[in-house]
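Each remark here refers to the structure printed beneath this line.
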Amino acid sequence: MLKLKKIAFVLSLMAAPFALNATESDTTAAILQYKDCMYLNNVAYGNINPTFIKDLPIDAFATLEVSYGVGNGDFHQIDKSGKTSDLMVGVYGVRKLTDVSFEGGMSYRNGKEGQRKWNATLYQSDLNPFILADSLNSNYSTEEFTLDGRFSWEPIELIRFGVNADYLVGTTSDEQDPRLETKGMRFTINPGIDFKVSEYVKIGATGGIRLFSENSKYSTVEVGKNASFFVMSGMGTCMDMGGTSYQREVKGMGYFADLQVFWQRPEYGNLLNIGFEKEYEKATDGGSSYQFLGGQYNNMKISASERFTFTKGKFVHNFTLAAAMENIKGTWFYQKNVVDPKTGSSQWVVMDQDDNKHLENRMSGNFQYRMDVLASNGQSSWTAGVNADFVNSDMKNNPSKYYQKYMNVKAGAFVKKTFQIKKSILSLSVGGDYKMNLSNSIYMAPSERLLEKYTLPMLDFIATDYYDVYGKIETRIPIVSKRFTSYIGVFAEASTQRYTGDQIYYGSIRYDKTAFNQFGGGVNFTF
Amino acid sequence: MKKFLLTILPLVAALFMGACSGDGDGDGDKVYTLTVNVTIPEAYAWEDVTSETIIARNQLTGVEYTGLKLTDGVYTVLLEPGDYNVNALFETADMNLSGQKMNVSVYSPIAVTTIAAEESLTSPLVIKEFYSAMCKTPANKNYMYDQFVEIYNNSAFTQYLDNCLIARTEIAANTKTVLWGSTPEEMKAVAVSSYIAGWVGDGKTYPIEPGQSVVVAFQAQNHTIMSDDPATEEVEVNTNTIDLSKADYEIDITEYKPTYVANPDVPNLTIVAKSGTQSVNFAVLPAFGAGLVLAKVNDIEAYCDVNNEANWVAKPEGTDVTPYLMIRYKDIQDAINVVCVTETQRTCALPAQVDAGMIYTSAMYNGKGFTRKVAETVNGRVVYKDTNNSAEDFEPEAKPTPGA
């Protein structure tokens, strides 16, 4: 605690000279509600171009948070757990100097998942069909570490430069045969630039690369016990590489480019972002003993988002519209095990390949409207909003001409009230969503081994109707001392997601009267 | 600003339209054609063939593709690239013909292979293990509820238990005088009696993968627990027997024996017929032995229907006029002459063409069973010995290990 105080003291000393255009009470209010403050006062908040952090409304603060949450219930996808717990420790901070601004953080997560199966991956893309899996429930432990940071430098008024970097590393494992240990890493780096083209308009651009690697190892301890290791090739089509052990390495890379048009007047703001991204992930199985190609996933994504904000009196209105289209192609390699007559060793030789093995066209959209009523200190007193999401997927698996299609919509609303109690705040927020499936269809031969066990249950969950309700209570109390001001916060939150459908999808009633409930809470220290 | 927007908006639209169109719908261009030429023995003509099936099974994925007939002996299979095991299965009125070609590589749009189908002496489904001797209780009483049969897919192809049945022969090992005359020889069939239990499905309801097995228990209970009194916490254990509570199926005879205790967690086989007048306490074999039959017919319910007079025949000799169900030899997947250690009780109910041998345990109610010997292991799949001679194919006096 003493060490934290020292760090807080040093950071506050560094921040003090740059607290421009703000009274001490204004700064206190902004830091107490820093998430709302940064959202409302920077139309580019959260944008992938790091140059925009120069526009953050708070000059300096840091926060340390410790949280714990649990989840329980039968309403979950079959490759997820119905019993989870997560301990999270994270720090996050912002620091603005004259020409340079910094933002970043790091976090550690220790998670438990009870009785999970059907997915051995950690950071592999959720849309990648080439997964490795086993069919036996196990209790998993996951440790994860994240580090992210970005800076923005404004050498002259007309131009700004920035660099963003995100690093994620983790491991997940279980202690029941077949034992799995998966280690994964994702790293993203993207430099950015923006130009001031007129008094109120900036044009920005950023581009970068994403690196990904993941290594999964299955093993069995019990002598003579074989397990099934499913090498999936989309929609549950698979090979069963049964045995006592199996190993896979996945490597991937992606590159992306985003353009921004930023327009900011005192009472109006607008940000248009157009993005393009292309990535691949390629699996190689067998480790050092042999090499079997487990499929290559390719994804091309085009996205656009638009946020418009305007302020009228105490009211701040924000409209956000986003859309994305993804074109996914999975390549499968037809391989033959060939024995070298000289050495007697065998190796897999690629005899043919199908670039259209797994295809998916995916379209998603999102609309949000948020209204804030500002209090006299300039911070949000009331927040309310509505949102709507849309996703449409059209998937094919060849050469059997299997297909799966679905279209889902989700609509929600939320409200948040922040009370000022002397120098402290107390926030209460509640919200809810209703998700509805508009259509779905599937074709797969009844003889497919995992049709009943994997493919149909996966679609069952995607196609369910449900509602969720969530609530959060949070307080932050300033601790004023002679040297600097810090804030201690406590929060508790809960949510429930409940199945509402009365359909019996594909002969299944597995979600009837089921729910998934989550509870959590934590403390934070901000300075 | 306006100029800029006018410039960028068409670009955005073009990008989105490009994403929509993709580059082809990829409707599975990797579908190759395998032509299978099949020859049959000279003793048979193509007109004799009543049923023909060509199956190509991908060695890696296990996916099976069925062939389409072009003309007599020529079939075409549409499949994805890979290495295949191709199986040809034919039926005539009296005999099954089969042939197999392993490791057929299909990595070009057109591939050809040839299979020579021969008279079939082996079957894809075999009895891997069975236990019929039953056991003694700690009080030295005969215990008759713990029998089981384990059925194994000995082939490289998915098999279906639909229309399969399990039965015992009417002739028991202790039968002194056989009263069937020449009927079995003329019909090429064997009479079965007691409970005829089987799988009633649509033809593909009960798949059994290569190298997989199912355990059919007479009564799917943990027979080692004789009694479990929660009041006194006293548990009486019978170590002579086995736990069958995790069997895949059981033969529920509650309809005939109300004292039978069924396990609600284990699915029942359907008792498709009851042949003969006796309602015995056991579902499989008597302790002194009989013929054990695993057969597969075309339509189990129609075949076993008592009104199907072609399949229900009375003994031509003696006073018993009760019709018995006849199972044709060609429909038998596997059958075993189980006899008694006592030489006077070694009547073989099955002819040599079905089982050329016989097997027995050293005593009745000794808790011992029979396990089939392993012939070889192919790509990790165990292939059991199947010479149609039970004395050669089985290890007697084996401790029962259902599902192991």
* Report, in debye and to the nearest 20, how large the dipole of the protein assembly as shown comes out about its Cα centre when Lys and Arg carry +1 and Asp and Glu carry -1 on their Cβ. => 4720 debye
* So who's got an amide H within less than 5 Å of the one on B:VAL378, skipping anything under 5 residues away but keeping other chains? H placed 1.01 Å off N, in plane. -> B:VAL383
* Asked: Mind checking which of B:SER182, B:SER245, B:SER120 has the largest fluctuation in a GNM of chain B, springs on alpha carbons under 10 Å?
  -> B:SER182
* To do: May I ask for the Kirkwood hydrodynamic radius of the range A:338-489, worked out over all distinct Cα pairs and given in angstroms to one decimal?
  => 21.0 Å
* **Cleavage-rule hits (GluC sites (Glu not before Pro)) in the range B:307-397: DSSP loop, at most 14 neighbouring Cβ within 10 angstrom** => B:GLU309, B:GLU317
* Structure fact -> Expected vector for the range A:283-297, Karplus 3J(HN,Hα) from phi with 6.51, -1.76, 1.60 and θ = phi - 60°, integer Hz, x for Gly and Pro, equals 9, 10, 9, x, x, 7, 6, 7, 10, 10, 7, x, x, 10, 9
* If you take the charge dipole of chain A about its Cα centre, with +1 on Lys and Arg Cβ and -1 on Asp and Glu Cβ, which of A:ILE425, A:ALA165, A:ASN110 is farthest toward its positive end? -> A:ILE425
* What is the mean projected area of the alpha carbon convex hull for the range A:203-245, to one decimal in square nanometres? -> 5.5 nm²
* Please give the contour-minus-distance gain from A:LYS482 to A:ASP340: 0.36 nm per residue of separation, less the Cα-Cα distance, rounded to one decimal in nm. => 43.2 nm
* To do: Using just the helices of chain A, give the 222 nm mean residue ellipticity in deg cm²/dmol: DSSP H runs with n ≥ 4 each add -39,500 (n - 2.57), and the total is spread over all residues, rounded to 500.
  => -2000 deg cm²/dmol
* Asked: What is the helix-to-structure angle for A:2-15, meaning the angle in degrees between its Cα long axis and the longest Cα principal axis of chain A, kept from 0 to 90 and rounded to the nearest 10?
  -> 60 degrees
* Asked: Roughly how tilted is helix B:2-21, in degrees to the nearest 10 and between 0 and 90, from the longest Cα axis of chain B?
  -> 40 degrees
* For the range A:2-526, give the magnitude of the charge dipole about the Cα centre (Cβ charges: +1 Lys/Arg, -1 Asp/Glu; no others), in debye to the nearest 20. => 1040 debye
* Structure fact -> The lysines whose Cα lies under 28 Å from the Cα of B:LYS315, excluding any fewer than 8 residues away in the same chain, are B:LYS176, B:LYS188, B:LYS257, B:LYS274, B:LYS296, B:LYS330
* To do: Could you work out how far the C-alpha centroid of the range B:87-128 sits from that of the range B:137-212, in angstrom?
  => 25 Å
* Counting only GluC sites (Glu not before Pro) that are in a DSSP loop and have at most 15 other C-beta atoms within 10 Å, tell me the longest site-free stretch of chain A. => A:268-527
* Structure fact -> Here the FRET efficiency for B:GLU119 versus B:VAL306, based on Cβ atoms and R0 = 30 Å and rounded to 0.05, is 0.40
* Per 20 Å bin, what percent of the C-alpha pairs of the protein assembly as shown does each bin hold, from zero upward? -> 11, 35, 29, 17, 8, 1
* Structure fact -> As a Kirkwood estimate from alpha-carbon pairs, the range B:250-402 has a hydrodynamic radius in angstrom of 17.8 Å
* **the range B:32-119 - charge dipole about Cα centre, Lys and Arg +1 at Cβ, Asp and Glu -1, debye rounded to 20** => 460 debye
* To the nearest 0.05, how large is the calculated FRET efficiency for B:LYS246 and A:LYS312 if R₀ is 60 Å and r is the Cβ-Cβ distance? -> 0.25
* Structure fact -> Of the residues A:GLY236, A:TYR470, A:LEU459, the Cα lying farthest along the dipole of chain A towards its positive end, which is defined by charges on the beta carbon of Lys, Arg, Asp and Glu, belongs to A:TYR470
* Cα centroid of the range A:129-196 to Cα centroid of the range A:276-316, whole Å -> 12 Å
* To do: Subtract the Cα-Cα distance of A:LYS401 and A:LYS453 from 0.36 nm times their separation in residues, and report this length gain in nm to one decimal.
  => 16.7 nm
* Can you pull the semi-axes for the range B:32-119, root of five times each eigenvalue of the Cα gyration tensor, sorted largest first, whole Å? -> 23, 12, 10
* Asked: Assuming R0 = 35 Å, what is the FRET efficiency of A:TYR290 and B:THR53, from their Cβ-Cβ distance, to the nearest 0.05?
  -> 0.50
* Compute the Rg to Rh ratio over the range A:2-526 from the alpha carbon atoms, using the Kirkwood formula for Rh, and round to two decimal places. => 0.99
* In nanometres, what is the gap between the two model label sites at B:ILE110 and B:ASP265, each 7 Å from Cα along Cα-to-Cβ? -> 5.8 nm
* Structure fact -> Rounded to a whole number, the Stokes-Einstein D of the range A:104-261 in µm²/s (Kirkwood radius over Cα pairs; 20 °C; 1.002 mPa s) is 118 µm²/s
* Backbone N within the range A:254-289 under 15 Å of label point (7 Å from A:ILE203 Cα along the Cβ vector) -> A:258-263, A:272-274
* Structure fact -> Averaged over the residues of A:351-361, the number of partner chain Cβ atoms within 10 Å of each residue's own Cβ comes to 5
* Which parts of the range B:282-317 would a label at B:VAL341 reach, counting a residue when its backbone N lies under 20 Å from a point 7 Å out along Cα-to-Cβ? -> B:285-291
* Structure fact -> Checked against the positive end of the charge dipole of the range B:125-398 (+1 on Cβ of Lys and Arg, -1 on Cβ of Asp and Glu, about the Cα centre), the farthest of B:THR277, B:TYR160, B:PHE288 is B:PHE288
* How big is the shadow of the Cα convex hull of chain B, averaged over all directions, in nm²? -> 31.5 nm²
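Laboratory data are not the source of any read-out in this text; all were calculated from the coordinates shown. Quick caveat, the model's predicted, so the values are computed rather than measured. Here Cβ is always computed from backbone atoms with ideal geometry, including for glycine, and neighbour counts include all displayed protein chains.
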